[in-house]
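Heads up: the structure comes next, in C-alpha coordinates.
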Amino acid sequence: MPLKSMHTGDQIVESFSRCTKNGFVACNLAGEVTYISDSMEDLSGWLESELIGQPVSKLYALPESISNSIDIQDAKSQPAVVYKRDGNKITLPARQVTIKDPETGEIDGYLTLFINQKGDIGRAQSDFISTVSHELRTPITSIKGFAATLLQHRSKLAEDKRKKYINIIRDQADRLSRLVEDLLAVSRLESKKLQLTIQPLNIKNAVEKIATIVEQKHESSHAISIDAEPNLAFVWADSDRLEQILTNLIDNAVKYSPEADKVEIKIHMGETNGQEMMQIDIRDFGIGIEEEDLDKIFGKFSRLDSPLTRNTEGTGLGLFITKSLTNVMKGDVVVNSEKGKGTTFTVFLPTNSYTPDYSQED
Ligand code: ADP
(Lines give C-alpha, C1' and ligand atoms only; values in the text may rest on other atoms or scores of the structure.)
Protein backbone atom coordinates (compact mmCIF):
# COMPACT_ATOMS: atom_id res chain seq x y z
CA MET A 1 0.00 0.00 0.00
CA PRO A 2 1.51 3.38 -0.89
CA LEU A 3 2.03 5.54 2.16
CA LYS A 4 -0.13 8.37 0.83
CA SER A 5 -3.19 6.10 0.55
CA MET A 6 -3.13 5.52 4.32
CA HIS A 7 -5.11 8.34 5.81
CA THR A 8 -2.96 9.20 8.75
CA GLY A 9 -3.41 12.95 8.63
CA ASP A 10 -1.16 15.35 6.72
CA GLN A 11 0.94 16.09 9.75
CA ILE A 12 1.80 12.42 10.26
CA VAL A 13 2.64 11.81 6.61
CA GLU A 14 4.84 14.89 6.65
CA SER A 15 6.59 13.73 9.82
CA PHE A 16 7.30 10.34 8.32
CA SER A 17 8.61 11.68 5.06
CA ARG A 18 11.04 13.87 6.99
CA CYS A 19 12.24 10.78 8.88
CA THR A 20 13.18 8.62 5.90
CA LYS A 21 16.11 7.12 7.82
CA ASN A 22 13.60 5.64 10.25
CA GLY A 23 11.69 2.46 9.52
CA PHE A 24 7.93 2.24 9.55
CA VAL A 25 5.39 -0.52 9.31
CA ALA A 26 1.61 -0.44 8.95
CA CYS A 27 -0.78 -3.16 10.05
CA ASN A 28 -4.55 -3.70 10.03
CA LEU A 29 -6.72 -4.24 13.08
CA ALA A 30 -6.11 -8.00 12.88
CA GLY A 31 -2.41 -7.26 13.43
CA GLU A 32 -1.36 -8.26 9.89
CA VAL A 33 1.37 -6.34 8.09
CA THR A 34 0.03 -4.08 5.29
CA TYR A 35 3.08 -1.95 4.53
CA ILE A 36 6.84 -1.85 5.22
CA SER A 37 9.00 1.11 4.24
CA ASP A 38 12.25 0.59 2.30
CA SER A 39 14.21 1.78 5.33
CA MET A 40 12.47 -0.84 7.50
CA GLU A 41 13.50 -3.47 4.94
CA ASP A 42 17.09 -2.20 5.32
CA LEU A 43 16.89 -2.25 9.11
CA SER A 44 15.33 -5.69 9.43
CA GLY A 45 16.60 -7.56 6.36
CA TRP A 46 13.00 -8.63 5.52
CA LEU A 47 11.36 -7.82 2.19
CA GLU A 48 7.89 -6.31 2.18
CA SER A 49 6.66 -9.15 -0.08
CA GLU A 50 7.68 -11.70 2.58
CA LEU A 51 5.67 -10.10 5.36
CA ILE A 52 2.50 -8.65 3.81
CA GLY A 53 -0.47 -10.42 5.44
CA GLN A 54 1.77 -11.97 8.11
CA PRO A 55 1.29 -11.25 11.82
CA VAL A 56 3.36 -8.27 12.99
CA SER A 57 4.77 -10.50 15.75
CA LYS A 58 7.04 -11.98 13.08
CA LEU A 59 8.70 -8.57 12.69
CA TYR A 60 8.40 -6.80 16.01
CA ALA A 61 7.15 -6.83 19.59
CA LEU A 62 5.94 -3.60 21.19
CA PRO A 63 5.68 -3.07 24.94
CA GLU A 64 2.08 -3.49 26.12
CA SER A 65 2.12 0.00 27.50
CA ILE A 66 2.73 1.63 24.11
CA SER A 67 0.23 4.44 23.54
CA ASN A 68 -1.80 4.69 20.33
CA SER A 69 -1.77 8.34 19.67
CA ILE A 70 -3.41 9.94 16.63
CA ASP A 71 -0.48 12.30 16.08
CA ILE A 72 3.09 11.09 15.69
CA GLN A 73 4.39 14.18 17.47
CA ASP A 74 2.34 13.33 20.58
CA ALA A 75 3.21 9.63 20.56
CA LYS A 76 5.78 8.60 23.13
CA SER A 77 8.74 6.44 22.11
CA GLN A 78 9.21 3.16 23.90
CA PRO A 79 11.77 0.42 23.34
CA ALA A 80 10.53 -2.25 20.91
CA VAL A 81 12.18 -5.43 19.69
CA VAL A 82 12.67 -5.92 15.94
CA TYR A 83 13.15 -9.53 14.80
CA LYS A 84 15.60 -9.47 11.93
CA ARG A 85 15.39 -11.91 9.05
CA ASP A 86 18.77 -13.46 10.00
CA GLY A 87 17.43 -14.48 13.42
CA ASN A 88 19.02 -11.59 15.35
CA LYS A 89 17.08 -9.06 17.39
CA ILE A 90 17.58 -5.33 17.77
CA THR A 91 15.92 -2.99 20.21
CA LEU A 92 14.86 0.39 18.86
CA PRO A 93 12.68 3.21 20.19
CA ALA A 94 9.24 2.94 18.57
CA ARG A 95 6.11 5.09 18.38
CA GLN A 96 2.69 3.98 17.22
CA VAL A 97 -0.21 5.96 15.77
CA THR A 98 -3.65 4.96 14.59
CA ILE A 99 -4.62 4.89 10.90
CA LYS A 100 -8.11 6.07 10.04
CA ASP A 101 -10.27 5.05 7.10
CA PRO A 102 -10.48 8.20 4.94
CA GLU A 103 -14.21 7.72 4.26
CA THR A 104 -15.65 6.60 7.57
CA GLY A 105 -13.04 8.09 9.90
CA GLU A 106 -12.97 4.73 11.71
CA ILE A 107 -9.68 3.40 12.99
CA ASP A 108 -8.56 0.63 10.61
CA GLY A 109 -4.97 -0.02 11.59
CA TYR A 110 -1.76 1.19 13.15
CA LEU A 111 1.41 2.74 11.83
CA THR A 112 4.58 2.09 13.85
CA LEU A 113 7.72 4.14 13.53
CA PHE A 114 11.08 2.60 14.48
CA ILE A 115 13.73 5.20 15.16
CA ASN A 116 16.98 4.25 13.49
CA GLN A 117 19.72 5.25 15.89
CA LYS A 118 22.46 4.33 13.45
CA GLY A 119 21.96 7.55 11.53
CA ASP A 120 20.84 8.37 8.07
CA ILE A 121 21.02 5.21 5.97
CA GLY A 122 20.32 7.11 2.76
CA ARG A 123 23.19 9.51 3.26
CA ALA A 124 25.62 6.81 4.36
CA GLN A 125 24.78 4.85 1.21
CA SER A 126 25.22 7.77 -1.13
CA ASP A 127 28.51 8.75 0.55
CA PHE A 128 29.69 5.17 0.07
CA ILE A 129 28.69 5.11 -3.61
CA SER A 130 30.40 8.41 -4.31
CA THR A 131 33.63 7.24 -2.61
CA VAL A 132 33.58 3.93 -4.50
CA SER A 133 32.95 5.71 -7.82
CA HIS A 134 35.88 8.01 -7.16
CA GLU A 135 38.16 5.09 -6.23
CA LEU A 136 37.15 3.21 -9.39
CA ARG A 137 37.49 6.21 -11.66
CA THR A 138 41.17 6.83 -10.88
CA PRO A 139 42.55 3.51 -12.19
CA ILE A 140 40.05 3.40 -15.07
CA THR A 141 41.13 6.87 -16.27
CA SER A 142 44.74 5.83 -16.10
CA ILE A 143 44.16 2.54 -17.98
CA LYS A 144 42.15 4.29 -20.71
CA GLY A 145 44.72 7.08 -21.07
CA PHE A 146 47.76 4.84 -21.41
CA ALA A 147 45.97 2.35 -23.68
CA ALA A 148 44.92 5.24 -25.98
CA THR A 149 48.50 6.57 -26.08
CA LEU A 150 49.83 3.12 -26.96
CA LEU A 151 47.26 2.72 -29.74
CA GLN A 152 47.88 6.12 -31.28
CA HIS A 153 51.63 6.38 -30.99
CA ARG A 154 52.75 2.76 -30.76
CA SER A 155 55.29 2.94 -33.60
CA LYS A 156 56.72 6.26 -32.46
CA LEU A 157 57.23 5.21 -28.84
CA ALA A 158 60.61 3.94 -27.66
CA GLU A 159 60.64 0.36 -26.34
CA ASP A 160 61.28 1.44 -22.72
CA LYS A 161 58.31 3.90 -22.82
CA ARG A 162 56.02 1.22 -24.24
CA LYS A 163 57.09 -1.17 -21.48
CA LYS A 164 56.52 1.51 -18.85
CA TYR A 165 52.98 2.26 -20.10
CA ILE A 166 52.07 -1.43 -20.27
CA ASN A 167 53.33 -1.88 -16.70
CA ILE A 168 51.18 1.04 -15.56
CA ILE A 169 48.14 -0.53 -17.22
CA ARG A 170 48.84 -3.86 -15.50
CA ASP A 171 49.37 -2.21 -12.08
CA GLN A 172 46.19 -0.16 -12.39
CA ALA A 173 44.23 -3.26 -13.45
CA ASP A 174 45.63 -5.02 -10.34
CA ARG A 175 44.51 -2.06 -8.24
CA LEU A 176 41.02 -2.29 -9.73
CA SER A 177 40.76 -5.99 -9.03
CA ARG A 178 41.97 -5.51 -5.41
CA LEU A 179 39.36 -2.82 -4.93
CA VAL A 180 36.62 -5.02 -6.36
CA GLU A 181 37.73 -7.94 -4.13
CA ASP A 182 37.69 -5.66 -1.06
CA LEU A 183 34.26 -4.31 -1.97
CA LEU A 184 32.93 -7.85 -2.36
CA ALA A 185 34.37 -8.75 1.05
CA VAL A 186 32.66 -5.70 2.61
CA SER A 187 29.39 -6.57 0.91
CA ARG A 188 29.55 -10.21 2.10
CA LEU A 189 30.28 -9.04 5.64
CA GLU A 190 27.44 -6.53 5.66
CA SER A 191 24.88 -8.86 4.16
CA LYS A 192 26.09 -11.59 6.56
CA LYS A 193 26.57 -13.91 3.59
CA LEU A 194 30.08 -14.86 4.61
CA GLN A 195 30.67 -18.61 4.60
CA LEU A 196 33.12 -19.62 7.32
CA THR A 197 34.61 -23.00 8.14
CA ILE A 198 35.84 -22.72 11.70
CA GLN A 199 38.50 -25.29 12.46
CA PRO A 200 41.61 -25.66 14.66
CA LEU A 201 44.62 -24.08 12.93
CA ASN A 202 48.31 -23.85 13.64
CA ILE A 203 48.83 -20.11 14.03
CA LYS A 204 52.61 -20.21 13.79
CA ASN A 205 52.44 -21.96 10.39
CA ALA A 206 49.89 -19.44 9.14
CA VAL A 207 52.01 -16.44 10.25
CA GLU A 208 55.17 -17.94 8.71
CA LYS A 209 53.39 -18.54 5.40
CA ILE A 210 52.00 -14.99 5.16
CA ALA A 211 55.25 -13.36 6.32
CA THR A 212 57.11 -15.15 3.49
CA ILE A 213 54.50 -14.07 0.91
CA VAL A 214 54.65 -10.43 2.09
CA GLU A 215 58.48 -10.42 2.08
CA GLN A 216 58.51 -11.76 -1.49
CA LYS A 217 55.80 -9.37 -2.67
CA HIS A 218 57.63 -6.28 -1.47
CA GLU A 219 61.07 -7.59 -2.39
CA SER A 220 61.83 -5.49 0.65
CA SER A 221 64.81 -5.31 2.89
CA HIS A 222 62.47 -5.80 5.87
CA ALA A 223 63.28 -8.85 7.94
CA ILE A 224 60.07 -10.20 9.45
CA SER A 225 60.93 -12.02 12.69
CA ILE A 226 58.50 -14.42 14.35
CA ASP A 227 58.79 -15.21 18.03
CA ALA A 228 56.28 -17.90 19.01
CA GLU A 229 55.73 -19.32 22.50
CA PRO A 230 56.42 -23.09 22.59
CA ASN A 231 53.51 -25.57 22.57
CA LEU A 232 50.93 -23.07 21.36
CA ALA A 233 47.28 -24.06 21.39
CA PHE A 234 45.41 -24.18 18.07
CA VAL A 235 43.38 -21.13 17.12
CA TRP A 236 39.82 -21.73 15.96
CA ALA A 237 39.33 -19.77 12.77
CA ASP A 238 38.51 -19.95 9.07
CA SER A 239 41.78 -20.61 7.27
CA ASP A 240 41.28 -18.21 4.30
CA ARG A 241 39.97 -15.41 6.51
CA LEU A 242 42.82 -15.84 8.98
CA GLU A 243 45.26 -15.47 6.08
CA GLN A 244 43.38 -12.37 4.90
CA ILE A 245 43.66 -10.80 8.38
CA LEU A 246 47.38 -11.59 8.68
CA THR A 247 48.09 -10.42 5.11
CA ASN A 248 46.41 -7.04 5.70
CA LEU A 249 48.29 -6.39 8.94
CA ILE A 250 51.73 -7.68 7.94
CA ASP A 251 51.47 -5.95 4.56
CA ASN A 252 50.57 -2.66 6.27
CA ALA A 253 53.47 -3.08 8.72
CA VAL A 254 55.88 -3.20 5.75
CA LYS A 255 54.06 -0.57 3.66
CA TYR A 256 53.96 2.03 6.41
CA SER A 257 57.57 1.61 7.57
CA PRO A 258 59.65 2.24 4.44
CA GLU A 259 62.64 3.55 6.40
CA ALA A 260 62.75 0.63 8.81
CA ASP A 261 64.37 -2.72 8.21
CA LYS A 262 62.34 -5.01 10.41
CA VAL A 263 58.87 -6.09 11.50
CA GLU A 264 58.52 -8.11 14.70
CA ILE A 265 55.75 -10.62 15.27
CA LYS A 266 55.08 -12.26 18.65
CA ILE A 267 52.63 -15.12 19.13
CA HIS A 268 51.62 -16.03 22.67
CA MET A 269 48.64 -16.70 24.93
CA GLY A 270 47.08 -13.46 26.13
CA GLU A 271 43.89 -12.09 27.59
CA THR A 272 41.22 -9.67 26.48
CA ASN A 273 37.98 -8.80 28.28
CA GLY A 274 38.80 -11.42 30.92
CA GLN A 275 39.05 -14.19 28.31
CA GLU A 276 42.16 -16.21 27.45
CA MET A 277 42.94 -15.84 23.75
CA MET A 278 45.77 -16.37 21.30
CA GLN A 279 47.55 -13.03 20.91
CA ILE A 280 49.48 -12.04 17.79
CA ASP A 281 51.41 -8.74 18.04
CA ILE A 282 52.57 -7.28 14.73
CA ARG A 283 55.00 -4.47 15.44
CA ASP A 284 56.55 -2.08 12.95
CA PHE A 285 58.94 0.83 13.37
CA GLY A 286 57.38 3.08 10.77
CA ILE A 287 55.47 6.35 10.44
CA GLY A 288 53.09 5.65 13.32
CA ILE A 289 49.61 7.08 13.81
CA GLU A 290 48.46 10.17 15.76
CA GLU A 291 46.45 9.27 18.84
CA GLU A 292 43.35 11.13 17.59
CA ASP A 293 43.40 9.06 14.37
CA LEU A 294 43.56 5.67 16.06
CA ASP A 295 39.82 5.01 16.06
CA LYS A 296 39.35 6.34 12.50
CA ILE A 297 41.57 3.77 10.82
CA PHE A 298 39.10 0.90 11.22
CA GLY A 299 36.42 2.76 9.26
CA LYS A 300 35.56 2.15 5.61
CA PHE A 301 37.80 3.99 3.11
CA SER A 302 39.75 5.69 5.84
CA ARG A 303 43.29 6.50 4.74
CA LEU A 304 45.22 8.91 6.91
CA ASP A 305 46.63 11.80 5.00
CA SER A 306 50.42 11.66 4.77
CA PRO A 307 52.89 11.87 1.86
CA LEU A 308 53.63 8.16 2.36
CA THR A 309 49.95 7.12 2.28
CA ARG A 310 49.39 9.22 -0.84
CA ASN A 311 52.18 7.35 -2.59
CA THR A 312 51.25 3.95 -1.18
CA GLU A 313 48.82 1.59 -2.84
CA GLY A 314 45.74 0.92 -0.76
CA THR A 315 41.94 1.03 -0.70
CA GLY A 316 41.39 2.09 2.92
CA LEU A 317 39.18 -1.00 3.33
CA GLY A 318 41.79 -3.42 4.71
CA LEU A 319 41.48 -2.60 8.40
CA PHE A 320 37.68 -2.40 8.24
CA ILE A 321 37.62 -5.91 6.75
CA THR A 322 40.28 -7.15 9.20
CA LYS A 323 38.39 -5.89 12.26
CA SER A 324 35.01 -7.15 11.00
CA LEU A 325 36.43 -10.60 10.18
CA THR A 326 38.10 -11.01 13.56
CA ASN A 327 34.92 -9.90 15.32
CA VAL A 328 32.86 -12.46 13.34
CA MET A 329 35.40 -15.07 14.49
CA LYS A 330 34.86 -13.95 18.13
CA GLY A 331 38.22 -12.23 18.31
CA ASP A 332 39.38 -8.63 18.11
CA VAL A 333 42.06 -6.32 16.73
CA VAL A 334 43.48 -3.41 18.70
CA VAL A 335 46.15 -0.88 17.86
CA ASN A 336 48.87 0.96 19.76
CA SER A 337 50.98 3.54 18.04
CA GLU A 338 53.31 6.44 18.49
CA LYS A 339 53.67 8.99 15.70
CA GLY A 340 57.09 8.69 14.09
CA LYS A 341 58.06 5.65 16.16
CA GLY A 342 55.92 2.77 14.98
CA THR A 343 52.73 0.80 15.40
CA THR A 344 51.65 -2.49 16.94
CA PHE A 345 48.47 -4.20 15.82
CA THR A 346 47.36 -6.96 18.19
CA VAL A 347 45.02 -9.70 17.02
CA PHE A 348 43.14 -11.82 19.57
CA LEU A 349 41.68 -15.14 18.43
CA PRO A 350 39.84 -17.85 20.35
CA THR A 351 41.47 -21.16 21.15
CA ASN A 352 38.17 -22.98 21.63
CA SER A 353 35.43 -24.00 19.22
CA TYR A 354 32.45 -21.61 18.72
CA THR A 355 29.72 -20.53 16.32
CA PRO A 356 30.70 -17.45 14.29
CA ASP A 357 29.08 -14.22 15.44
CA TYR A 358 27.63 -12.71 12.25
CA SER A 359 25.65 -10.19 14.23
CA GLN A 360 28.70 -8.28 15.46
CA GLU A 361 27.99 -5.17 13.40
CA ASP A 362 24.67 -4.37 15.02
P1 ADP B 1 45.09 0.89 3.14
O2 ADP B 1 44.58 0.11 1.99
O3 ADP B 1 45.09 2.37 2.89
O4 ADP B 1 46.40 0.41 3.66
P5 ADP B 1 43.88 0.05 5.64
O6 ADP B 1 42.43 -0.03 5.96
O7 ADP B 1 44.67 -1.20 5.71
O8 ADP B 1 43.95 0.72 4.22
O9 ADP B 1 44.53 1.14 6.60
C10 ADP B 1 43.87 2.37 6.78
C11 ADP B 1 44.87 3.48 7.05
O12 ADP B 1 45.46 3.28 8.34
C13 ADP B 1 46.04 3.50 6.07
O14 ADP B 1 45.73 4.19 4.88
C15 ADP B 1 47.11 4.21 6.91
O16 ADP B 1 46.90 5.59 6.85
C17 ADP B 1 46.81 3.72 8.33
N18 ADP B 1 47.67 2.55 8.72
C19 ADP B 1 47.34 1.23 8.62
N20 ADP B 1 48.33 0.46 9.10
C21 ADP B 1 49.32 1.29 9.49
C22 ADP B 1 50.62 1.10 10.08
N23 ADP B 1 51.10 -0.12 10.33
N24 ADP B 1 51.35 2.22 10.36
C25 ADP B 1 50.87 3.46 10.11
N26 ADP B 1 49.66 3.71 9.56
C27 ADP B 1 48.89 2.65 9.25
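The values are calculated or read from the model by the stated rules, or taken from the named source; none is laboratory data. As the structure is a prediction and not an experimental result, all values here were calculated from the model. In this analysis, Cβ positions are derived from the backbone assuming ideal geometry, glycine residues included, and neighbour counts consider all displayed protein chains. When the accessible area is computed, the model is the full protein with side chains, heavy atoms only, and any ligands, DNA or RNA have been set aside. Shrake-Rupley method; radii C 1.70, N 1.55, O 1.52, S 1.80 Å.
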Original post:
Using the Karplus equation 6.51 cos²θ - 1.76 cosθ + 1.60 (θ = phi - 60°), what ³J(HN,Hα) coupling, rounded to whole Hz, does each residue of region 50-57 give in order, writing x for Gly and Pro?
Top reply: 7, 10, 4, x, 8, x, 4, 4
Original post:
At a probe radius of 1.4 Å, what is the per-residue accessible area of Lys193, in Å² to the nearest 10?
Top reply: 140
Original post:
Placing +1 at every Lys and Arg Cβ and -1 at every Asp and Glu Cβ, with all other atoms neutral, what dipole size does region 175-323 have around its Cα centre, in debye to the nearest 20?
Top reply: 660
**OP:** About the Cα centre of the chain, how large is the charge dipole given +1 on each Lys and Arg Cβ and -1 on each Asp and Glu Cβ? Please answer in debye to the nearest 20.
**Re:** 1400
**OP:** Using the charge dipole of region 88-212 (Lys, Arg: +1 at Cβ; Asp, Glu: -1 at Cβ; taken about the Cα centre), state which of Ala211, Gln152, Leu111 has its Cα farthest towards the positive end.
**Re:** Gln152
**OP:** Please report how far the C-alpha centroid of region 319-362 lies from that of region 73-102, rounded to the nearest whole angstrom.
**Re:** 33
Subject >> Charge dipole of the chain about the Cα centre (unit charges at C-beta), most positive-ward option of Ser133, Leu51, Ser353 >> reply: Ser133
**OP:** Search the structure for amide H atoms under 5 Å from the amide H of Gly342, placed 1.01 Å from N in the peptide plane, and list their residues when 5 or more places away or on another chain.
**Re:** Gly286, Gly288, Ile289
Subject >> C-alpha center-to-center spacing [region 282-317, region 204-245] in angstrom >> reply: 21
Original post:
Per the helix-only calculation at 222 nm, which mean residue ellipticity applies to the chain, given -39500 (n - 2.57) for every DSSP H run of n ≥ 4 and division by its residues, nearest 500 deg cm²/dmol?
Top reply: -12000 deg cm²/dmol
**OP:** Considering only Asp227, Asp251, Asp182, give the residue with the highest GNM mean-square fluctuation for the chain, with springs between Cα atoms whenever their separation is below 10 Å.
**Re:** Asp227
Original post:
What is the antiparallel percent of DSSP beta bridges lying wholly in region 160-318, to the nearest 5?
Top reply: 70
Original post:
Non-local amide H neighbours of Lys330 (under 5 Å, H modeled in plane, Pro and chain starts lacking H): which ones?
Top reply: Asp357
Original post:
Got a sec to turn the phi values of region 197-214 into Karplus ³J(HN,Hα) couplings, 6.51 cos²θ - 1.76 cosθ + 1.60 with θ = phi - 60°, whole Hz, x for Gly and Pro?
Top reply: 10, 7, 8, x, 10, 7, 5, 5, 4, 5, 5, 4, 4, 5, 4, 5, 4, 5
Original post:
Taking a probe of 1.4 Å, how large is the accessible area per residue of the chain, in Å²?
Top reply: 54
Subject >> Carbon/sulfur fraction of accessible area - region 210-257, other protein chains in place, 1.4 Å, % >> reply: 47
Original post:
If contacts are Cα pairs under 8 angstrom and at least 6 residues apart, what is the relative contact order of the chain in percent?
Top reply: 12
Subject >> Cα-centred dipole magnitude for region 257-309, charges only on beta-carbon of K, R (+1) and D, E (-1), debye, nearest 20 >> reply: 260
